[in-house]
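For reference, the structure discussed in these notes is given below.
The values are calculated or read from the model by the stated rules, or taken from the named source; none is laboratory data. Remember, it's a predicted structure, so these values are computed and weren't measured experimentally. Here the Cβ positions follow ideal geometry from the backbone for every residue, glycine too, while neighbour counts run over all protein chains shown. The accessibility values were calculated without ligands, DNA or RNA, using every heavy atom of the protein model including side chains. Shrake-Rupley method; radii C 1.70, N 1.55, O 1.52, S 1.80 Å.
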Amino acid sequence: MFYSGMAETLPAQVRAAAAVVAQHADHVTIDADRLHRYVEELPIGSLCHPVLEPAALPEGNAATIAQWVVTVNAVNFGSGFFPVLQKRPGLSGSRTVFAALLDRFNGEGPLSVDELQSATAAGCSELFGQQADGPAQELMEWFATAWQSLGHALAERWDRSALHLVEAASGRAAELATLLATIDGWDDVANHLGHAVPLYKRAQIVPAHLAMAFSGVDHGHFDDLGDLTIFADNLVPHVLRIDGVLRFDSDLVERIDRGELLEPGSPEEVEIRAVAVHAAELLVTRLRDDGHPATAMGLDQVLWERGGEPRYKAHPRHRARTTAY
């Protein structure tokens, strides 16, 4: 677990741990030559100035937007269940979850702290359009638990307000991620060869989403956005693999191709996420050395959006049933 009293920031610890995993990984490696060429293929404008997709935010004031970003990222996981999730036509699993919650915000307003605290699996099934006791029931139970934990934390620590949570970080993305990491269910620390590997996908993505939602001002202004790493899930590493930057051993590829679920925290699963983080750091460093104001959050946004293209969807990505992503 990361503690704010330690010398390094949370993102710095993620970065350092990922570098160690990359050095000792057995199943996932970086193709250095391909990475060198890949830098030249990236869309610099989009990467250096990331923006959210149109209509990605609910209507409302700053409090509503802050509540949205925190509430949706509290359940921004479940990719291991997405093959059995009942999806909206034309939408992926994650986009189905986002769209359903967006409809709720726009139709009835944000989920209140009381609603978060009293969340149930049945209520989540109804909100997200899932069959009661269907194949995604366990995920709905996890969603309910995640919202309960968020509601309790907001009530006990931040005067029942996501906006107050954001303000408590005093304009520092790393501090906001650290505060979120202390909420039950937001911890994202694995183990690799006996060493702790913090990754904190969801905790880090919140300040990034706020920065894009508020166009970098007011509650979206953070002095240290460049300190964030990519938000290690199963899609960004998949894009880097299909594009040749990451190489998985043949056994791992075969397991992924046949749809086998990976065990969360297994060496293979940890290496996929951590080595992707390290590869992204190498790419960002190269871009900065070339004079571009690149950030890992910008690179993540580019790669995540690229992952929706047919050539990436044509190949299975790894799946693990976890609350991390």
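Sorted by accessible area (1.4 Å probe), largest first, how do Glu141, Glu59 line up? Don't jump to the answer; show the numbers that get you there.
On the way: Glu141 85, Glu59 145 Å².
Per-residue accessible area, sorted high to low, gives Glu59, Glu141.
Once each part is reduced to its C-alpha centroid, what is the distance from segment 38-71 to segment 75-113 in angstrom? Result: 17 Å between the Cα centres. Across Ile242, Ile272, Ile230, mean-square fluctuation computed from a Gaussian network of the chain (C-alpha pairs under 10 Å connected) peaks at Ile242. In the assembled protein chains, Met212 presents an accessible area of approximately 30 Å² (probe radius 1.4 Å). Comparing Thr229, Thr182, Thr295 in a Gaussian network model of the chain where C-alpha atoms under 10 Å apart are linked, the largest mean-square fluctuation is found at Thr182.
Taking all Cα pairs closer than 8 Å and separated by 6 or more residues, the relative contact order of the chain comes to 29 percent.
Taking all protein chains as shown and a probe of 1.4 angstrom, Thr145 keeps an accessible surface of around 80 Å². Comparing Gly90, Gly298, Gly171 in a Gaussian network model of the chain (Cα springs below 10 Å), the most mobile by mean-square fluctuation is Gly90. Shape descriptor for segment 233-325: Rg over Rh equals 0.98 (Cα atoms; Rh from the Kirkwood inverse mean 1/r).
In this view, the solvent-accessible surface of Glu41, computed with a 1.4 Å probe and all protein chains in place, comes to about 100 Å². Ranking Ala32, Val51, Ser112 by Cα position along the charge dipole of segment 1-153, where only Lys, Arg, Asp and Glu carry charges on their C-beta atoms, puts Ala32 farthest toward the positive end.
Remark: relative contact order (segment 193-238) = 39 percent; criterion is Cα-Cα distance under 8 angstrom and separation of 6 or more residues. Of the accessible area of segment 149-201, computed with a 1.4 Å probe over protein heavy atoms only, carbon and sulfur atoms account for 45 percent.
Counting only protein heavy atoms and a 1.4 Å probe, the chain has 41 square angstrom of accessible area per residue.
State, as an integer percentage, the relative contact order of segment 100-148 based on alpha-carbon contacts under 8 Å between residues 6 or more apart. Dividing the mean separation by the residue count of segment 100-148 yields 41 percent.
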